[in-house]
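Below is one structure, written out as structure tokens, with a few remarks after it.
Just so it is clear, none of the values below were taken in a lab; they were calculated from the coordinates. Just so you know, these numbers come straight off a predicted model, no measurement behind them. Because the Cβ atoms are built from the backbone with ideal geometry, glycine has one as well, and the counts that use them run over all protein chains shown.
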Amino acid sequence: MAKKEVVNPALLKKSGVKKKVKVAAAGEEVKKPRAKKIIEPVEAESLPVNVEEDKSLKPDRYFEAVGRRKTSVARVRLFTKAGDFMVNNKPYGTYFPTLDLQKIAEDALQKMKLFGRFRVSVKVSGGGIHSQAEAVRHGLARCLVKFNADFRKRLKRAGFMRRDPRMKERKKFGLKKARKAPQWAKR
């Protein structure tokens, strides 16, 4: 049976000992701690591509913002290189099926006449499809302001910078919905 030696923590600080010592019973061996693996440095010549020179390995520069509407939350990334508009890894035309929803989602870019000049990546969740489109618009407007602070005035005047606070009211007890009461009978 292995016995553990109990050491007073105050004595450890004074003596400079950092670990507790295990004492083996008669006839037992004390286990030694494992040796750590030594990782050898990789030579620069063995790397396949020189990282400093290859621009494709650098991540693209982007501006990120969060847009919200009701219970929808959209995380929008606006990349500085031109590209496509993706929502949840789908083209936005596929994700938002109607032209009205597509127009709402791209409104901030269209207002600044920048549609097609950026690559947009959006992760959106919660709420309904209309609410998600408005959350994307809000996030895009915030991204554009981070990109260029001069855009703020025009986007604010258009109403894209404001987080629409209207949400569904909670249901109250004794009522059928938030305010709808059950049918009242006089007799």
message: Order these by the 10 Å Cβ neighbour count, fewest first: Asp150, Asp107.
response: Asp150, Asp107
Tyr95, Tyr62 arranged by Cβ crowding within 10 Å, fewest neighbours leading: Tyr62, Tyr95
Calculated P(r) tail over 17 Å for region 64-158, as whole % of Cα pairs: 41 percent
- prompt: Which value, in debye to the nearest 20, gives the size of the charge dipole of region 54-149 about its Cα centre, when Lys and Arg are +1 and Asp and Glu are -1 at the Cβ?
  reply: 280 debye
Label-point separation, Ala181 to Lys153 (7 Å along Cα→Cβ), nm: 5.3 nm
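Placing +1 at every Lys and Arg Cβ and -1 at every Asp and Glu Cβ, with all other atoms neutral, what dipole size does region 128-168 have around its Cα centre, in debye to the nearest 20?
200 debye
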query: Using a basic spin-label model with each label point 7 Å from the Cα along Cα→Cβ, how many nm lie between Val66 and His130?
result: 2.5 nm
statement: Quick note on Arg163, Arg170, Arg187, Arg154, ordering by fewest other C-beta atoms within 10 Å, gives Arg187, Arg170, Arg163, Arg154
task: Could you tell me which of Pro91, Leu109, Phe147 has its Cα farthest along the dipole of region 60-162 towards the positive end, charges placed at Cβ (Lys, Arg +1; Asp, Glu -1), taken about the Cα centre?
output: Phe147
